Amino acid sequence: MPQVDHNPRAIVIGGGATGCAVARDLALRGFGVTLVEFGDLGSGTSSRFHGMLQSGARYAVSDTDYAAECMRERLIVADLAAGVVEQTGGLFVSLPDDPPEFSDRFYDGCLSANIPVEELDPDLVMAREPAISRHVLRAFSVPDATVQSWRLVNLLADDVRRRGGEILTRHQVIGMKVRNGRMCGVRVTSAAGEVTLEADVVLNAAGPWSARVAAMVGRTVDLELSKGSIIALSHRMVSHAVNRCRPPTSHDIIVPTGTVGLFGATSEVVGDPDTTNVRGQEIQELLNNAEVLLPEVRNYRVYRAWAGVRPLFKPKGWPSEKPVPRRHSVINHGDDGLVGFFTVCGGSLTTHRSMAEDLGNQVCLSLGFDAKCISAITPLTRGKNGHGWRPADNYRGIEEDRCYQSLVCECEAVTQSEVIDLIENHGIKHIHDLRRRLRIGFGPCQGTFCGSRVAALIARYHPDFASNDDLGRFWVERLKGIVHTAWGQQARQALLSDTVYRETLGVRLKPELATSADYR
Amino acid sequence: MKTDAIIIGTELDGLIAAIRLREHGYSVRMIGNGGGSLHYAPEGIHVLGFSPRNDEEIICEPLAIISQLDQSHPYRKVGIDQIRNALDWFVNISGEIHQKITISGHNELAVSATGLSIPVYGTSEHQATVGKIGGKTAALVRFRGYRDFPVELVAIELGKTGTKTEIVDVVAPGDAVENAALAKAFDELEETDSYFTALKDSIPSYADVMLFPAVMGLSNFHRTLASAERVLGMPCLEVPTLPPSVPGMRLERALTNYLRNGTASLHSCSGISGSSFETDRIVVWDDMGRQYEASLVIVSNGGVLMGGLDVDSYGVVHETSFGFKTYQSEPLKPTTVGRSLNALHITGVETDDALRPQRNGSGFCRNAFVTGRTLPHWNPAMECSTEGVCVATGWAAAENAHEYLESLNVA
Amino acid sequence: MLHSGVFIGIDHGSANVLGSMDQCTKCGICNAHCPVAAVTREFPGPKYCGPQAQRFRLAGSVPEWSPMLCSGCGVCTSVCPNNVAISDIITLAKADIVGGGDRISLGQRLLNRPDLIGRLGGKFPTLTNTLLGSSIVRRIVESLFGIHRSAPLPEVHGRKFRKWLASHDQENGPIVSYFSGCAIENYDPDVGIALVRLLNHLGYKVQVPTDRCCSLPMLSSGETGPARARVQALVDALHPSVLTGQKIISTSTSCSLTLRAKYAAYLDMTDDKSGEVASAVVDACEFLLDGHAGRLRKCLNAMPLRVLYHGPCQLRGHKMGTPAVELMQLIPEINLQLSQADCCGIGGTYGYEKNKHDIALAVGASLVEQVRQFEPDIIVCDSETCRWNIEARTSVECVHPVQLLMRAIDGRG
Ligand SMILES: Cc1cc2nc3c(=O)[nH]c(=O)nc-3n(C[C@H](O)[C@H](O)[C@H](O)COP(=O)(O)OP(=O)(O)OC[C@H]3O[C@@H](n4cnc5c(N)ncnc54)[C@H](O)[C@@H]3O)c2cc1C
Ligand code: SF4
Ligand code: SF4
């Protein structure tokens, strides 16, 4: 077994939840780490998900081991990063359409997976959740929670930086350097040009793009890309994450997160990891199914829709009728002749940490580097960690300081000082990147009023700011989600917003903006 | 009480139609639901700024290309002669209500809230245009704590067109920070001269034009800006802000007052819940159960934007108050909405050339007319033609209504 | 249960009010017309306090202050193009803040009971008026109860309207009910007298079923707890006349709006009985205009006066246009000007409170300025607290439209 005598250097490809967790795991073990991310942190699948920190109950019957892993991780994450987790709790409700025998199996599955489950009186549940169907036959509570993914990835990345690691966003890996069957670095391109970064190991955590990354050195990863679409309802119609009690399929969950309720998701196998467009048919499919759980859903206002691509690991020869396993997989490409190159895929956002732990263990083993995983016991944030995140926290702060006029995004209660802090101290200079970090433009008006305010603040610090393009991209990106849900009051909103952007601000939707890929 | 006409909506088109009908001597009742879309209108009269086919193709002489527009475009229905008459008439009215608009026969480039250029046909006196500031050095006013005027962006964009800019930090009277509060503060400012005199020192000596956000008063802005020009010794112009637009509110208020003094009745309601059509009589009732009777109705309720039309979750557009037939390119599915909202912009109530709608299950109405955003086949956001279409169709509807009412009298 | 996309009306309870938040498109029109937001930065405005904050209120409870600065004038709701019940959302938030009345100040508690004060003071009207006219007493009242020393307190009149009505002979005719309310009963008897005479003139016989208060001050300051029983008693008192098919006429746009729509919105009284009472209520001017304009026109004498009409904020909530204007336009030779001000500032009992008095003054400034310029002989306004306020601030006589009409009939131009 080879032995290293220095602290190894690692390059992590991908700045989603998985990549950030891998970088942190290794940094904690003493690695020198560079993370390379094509867009902004968390701009891939990690920001297009359903918002849940899963208890695992959803998989209690189909994959009990994975369910147990979710439960373990859910507790660890809520402990390490309390400030980004809201302990909403989850409900599983059995409706007349759902297979009646499933409920008992569900209950037993939860017990085997160590998920605290409790059967509740259906009437009580319907009283507590007035928006859901009046035909609940059985109901169970489980400790589901929600997590703010952007805040999470940024916490992870900040911790990596604190420990000497480097985070390169808007850098794309375009090739690898291999010497004598050993991976020794990557070629990276960015606005500043092309460079080669050297390392002892290269870790592919590029989510749905990981097969493409592996293909750069002729390796395959057995991914199944499963696109999922989600709609954001105007407010928290429910106070718990409510699931249908049936074998996990599509469109069976409503999740209260932030100030909205997310209903989803569809699933559809796609070939291209960049497939994030939503089809009109999917929306109708979502609404038709949502009507069973939320009878009034067609009267609700829906802010927008979006899609993400799940990077599922589908082992070769997996029977097509069986659901693809949810558990992650670590591939040591050393096993097929490329030492020092690993891919991690599958899993979920909930299990990002255990995925990183598993990968880190195998990397250390292969390098003969003796360092234990301490990511589960090392606090992620400095300072107080006690209480969970509450969506009303922003609002509370504003009421306390009475700083109403300093609000930049009124819908999500984001203040000018928060924006300026990121611009001044974190080098952020795009509206999109502020949006992800602060939830700017997430509310009812979808960026109508905050876009130009934010742009003006950026311009204050960066006089060369290409404001027109940045605003145009911002509006095109917001539009991308709104056009799918432009009915009822949101149709009115959409037209008002378009009127403001085009007639008041004078932004023209140039063809190159309108057809450009997602701005990440 | 029965009136000759009922006008639904307090949009620009409805106000125009009402004023014109009053001029013809008819009694009018306007029924609207809250503030109209003039609150969203940046300054000036936009007739046709960009080609309806291309978001970026600037139009220089809008009236010259009316004949090239699609047959279904509202401008084609109104016709070039009526459009000219309507605009000339509006210019007159605008002078009378102290909101003077000037037209020069071709588009000027107005400065937008972010400093970009938007072609505009009629400009108001203090409206900032590229023509008025080109080649000059502009002092840009940034009021302390005011967030609805992205002045830094204006500086960047004007810089690109060769106008030198300097941002000047200013405290507004009463430290006001919202559009309407600023306008009120300036309206009620007693000593405008001394306010601007105090400002003078902070303005760089080489500046030769001042750009203020368009919030310099709702009723007294003439006085305030005149005082600014006198004291500062240079042109003082206004650049639009984020909505609600103070210049739009000025116009809405002035037109409304003009109407009220002409003794039209103005009503507000939350919605029209039903109507009954007879050959020479229309009754509409609002959702509080009040009934209004008239010889004809003009529907100017702002289309989808202002709630005149509804879109359901299947993507179908409905006109529910009167049961008019609507036009839509297809169910508004993402495939047709595309990445823009154009399909949504161009839906509306289908009409004949006299702007008369068709009721579901019957022919074209004789005693109903449709105007403005409720009409289909035009795209305000893309064309930048909102006020032009509203003035032209509001006027045309009134003229057609006049013709109809006369025919009743003859009979 | 929250609904999106529903209209708020007579039979809609608090869930519909709150649910209307989802109709907001953030257009800011409400902010542009809110009289309070225009004069103070302390108040974040209707858009923020109403639909915006409501999204957060739904997601977790937060201690709040800003809703308390809203005067409840309702201008925001009337200008919103998207039917958001803005001022009702804010009022419900106020009720939460003051715990339905448990945490309300003593002064506001007093102001919330104009009927009680009127009845007590009415026992010794001269003494009360002299006392309240004394600046020393007002200063004591201010420090004890937080009621501003120069707030326009009306004079108490004992039971003048009742006494007049008891001795007033009415000819037989179709019967209508008059909801006089505490203001007419205790402070402003002349309006009631004018209305009864006017209706008699048109051939009606007027009945006054109750002298109870509509409880608007309580509701708008969040004292919903104690309001409930009072309101139920009022509905019970009015219902018999409704059953006989009578209209209930009101000379106060704010009382009538409360009767029509607020019991459902704030107290969830959406039962049939309350609904029947609500739908029978009609504003005096609307009643007069609808079907009586022709007769009135014939008996109105010329009145060559400069008249300024200020439509109270609550008038817009009725969504009936400005019937008073249409009626006054029937008076020959009248020189009528319409107020350009959104609000006179008093906001019911709002401007009486010590800490809000300055805001109220600033709000009313533009009306005062218009009065200074137009120099009216008389000001007309449909709501009592507004009239007392306008009169106190301008020293011009301020009357209800029916008073002006009655004078024109009497030929007292
Ligand atoms: C609709 C939907 C709902 C979901 N709901 C949940 C849920 O509720 N709970 C849950 O736990 N999980 C959920 N998931 C799963 C979860 O979102 C994903 O498993 C997880 O986010 C994957 O994270 P990742 O970091 O592996 O991938 P990503 O977040 O996609 O990160 C990969 C990153 O790699 C970068 N990259 C790619 N190529 C390159 C390159 N060449 N150079 C540099 N960078 C590159 C990309 O830009 C991207 O940022 C959901 C998934 C979907 C699609
Ligand atoms: S009720 Fe009046 S004071 Fe209150 S928010 Fe609305 S407009 Fe402003
Ligand atoms: S006017 Fe209505 S829609 Fe506009 S911001 Fe106010 S509440 Fe929202």
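The values are calculated or read from the model by the stated rules, or taken from the named source; none is laboratory data. It should be emphasised that the depicted structure is a prediction, and the values quoted were computed from it without experimental measurement. Here the Cβ positions follow ideal geometry from the backbone for every residue, glycine too, while neighbour counts run over all protein chains shown. Just the protein is used for accessible areas: all its heavy atoms, side chains included, with ligands, DNA and RNA removed. Shrake-Rupley method; radii C 1.70, N 1.55, O 1.52, S 1.80 Å.
The number of residues in the range C:323-361 being under 13 Å from residue C:285 (Cα atoms) and buried (at least 22 other Cβ atoms within 10 Å of the Cβ) comes to 3. Contact map, the range A:181-197: residues that are closer than 22 Å to residue A:367 by Cβ paired with residues that are more than 16 Å from ligand 3 (Cβ to nearest atom) and of a type in the set (Asp, Glu), Cβ distance under 7 Å, separation 6+ or inter-chain. Pairs shown: A:184/A:198; A:185/A:198.
One residue stands out in the range B:19-33 among those that are outside any strand (DSSP E or B) and under 17 Å from residue C:322 (Cα atoms): the one that is farthest from the other protein chains (Cβ to nearest Cβ), namely B:27. Selection of helices (runs of 4 or more DSSP H) fully inside the range B:74-165 by the criterion of at least 3 residues being closer than 23 Å to residue A:455 by Cα and among the aliphatic types (A, V, I, L, M) returns B:151-160. Among the residues making up the range C:11-59, those that are more than 7 Å from chain A (Cβ to nearest Cβ) and either of a type in the set (Val, Ile, Thr) or within 16 Å of ligand 1 (Cβ to nearest atom) (or both) are C:17, C:29, C:36, C:39, C:40. Checking C:106, C:111, C:58 one by one, the residue that is more than 10 Å from ligand 2 (Cβ to nearest atom), modelled with pLDDT under 90 and within 22 Å of residue C:317 (Cβ to Cβ) is C:111 and no other. Among the residues of the range A:183-204, those that are surrounded by fewer than 15 Cβ atoms within 10 Å (Cβ to Cβ) and farther than 15 Å from residue A:14 by Cα comprise A:191, A:192, A:193, A:194, A:195, A:196, A:198. Residue under question is residue A:302, and the condition is that it be of a type in the set (Val, Ile, Thr), touching a residue at least 60 places away in the same chain (Cβ under 8 Å) and under 30 Å from residue A:441 (Cα atoms); does it hold? Yes, satisfied.
Would a scan of the range C:65-77 turn up a residue that is more than 16 Å from ligand 1 (Cβ to nearest atom), out of contact with any helix residue (DSSP H, G or I) (no Cβ under 6 Å at 6 or more places or on another chain) and at the interface with another protein chain (Cβ under 7 Å from one of its Cβ atoms)? Within the range C:65-77, one or more residues are more than 16 Å from ligand 1 (Cβ to nearest atom), out of contact with any helix residue (DSSP H, G or I) (no Cβ under 6 Å at 6 or more places or on another chain) and at the interface with another protein chain (Cβ under 7 Å from one of its Cβ atoms).
Looking at this structure, is residue A:202 β-branched (Val, Ile, Thr), within 14 Å of chain B (Cβ to nearest Cβ) and more than 22 Å from the chain's Cα centre (by Cα)? So residue A:202 does not fit the description; no.
Regarding residue A:228, is this residue more than 26 Å from the chain's Cα centre (by Cα) and either part of a strand (DSSP E or B) or surrounded by fewer than 19 Cβ atoms within 10 Å (Cβ to Cβ) (or both)? No; evaluated as a whole, the condition is false for this residue. Number of residues in the range A:23-51 that are assigned to a loop (DSSP other than H, G, I, E, B) and within 13 Å of ligand 1 (Cβ to nearest atom) equals 12.
Among all positions in the range A:446-462, there is no residue which is open to solvent by 20 Å² or more (accessible area, probe 1.4 Å), facing chain B (nearest Cβ under 9 Å) and over 25 Å from residue A:394 (Cβ atoms). Among the residues examined, residue A:270 does not qualify as within 17 Å of residue A:303 (Cβ to Cβ) and of a type outside the set (Gly, Ala, Ser).
For the range C:145-197, filtered to residues that are part of a helix (DSSP H, G or I), modelled with pLDDT under 90 and in contact with a Pro (Cβ under 8 Å, 6 or more places away or on another chain), the residue that is surrounded by the most Cβ atoms within 10 Å (Cβ to Cβ) is C:186. Residue check: residue B:225 meets all listed conditions (1) at pLDDT 95 or above; (2) assigned by TED's automatic domain parsing to the domain that holds residue B:15 but one, namely (2).
If the condition is being under 13 Å from residue C:364 (Cβ atoms) and of a type in the set (A, V, I, L, M), then the range C:328-350 contributes C:341, C:346. Tell me, which residue of the range A:123-134 that is within 14 Å of chain C (Cβ to nearest Cβ) and part of a helix (DSSP H, G or I) is nearest to residue A:104 (Cα to Cα)? Applying the filter and picking the extreme gives A:126.
Counting the residues of the range A:344-381 that are crowded, with 22+ Cβ neighbours inside 10 Å and touching a Gly at 6+ places or on another chain (Cβ under 7 Å) gives 1.
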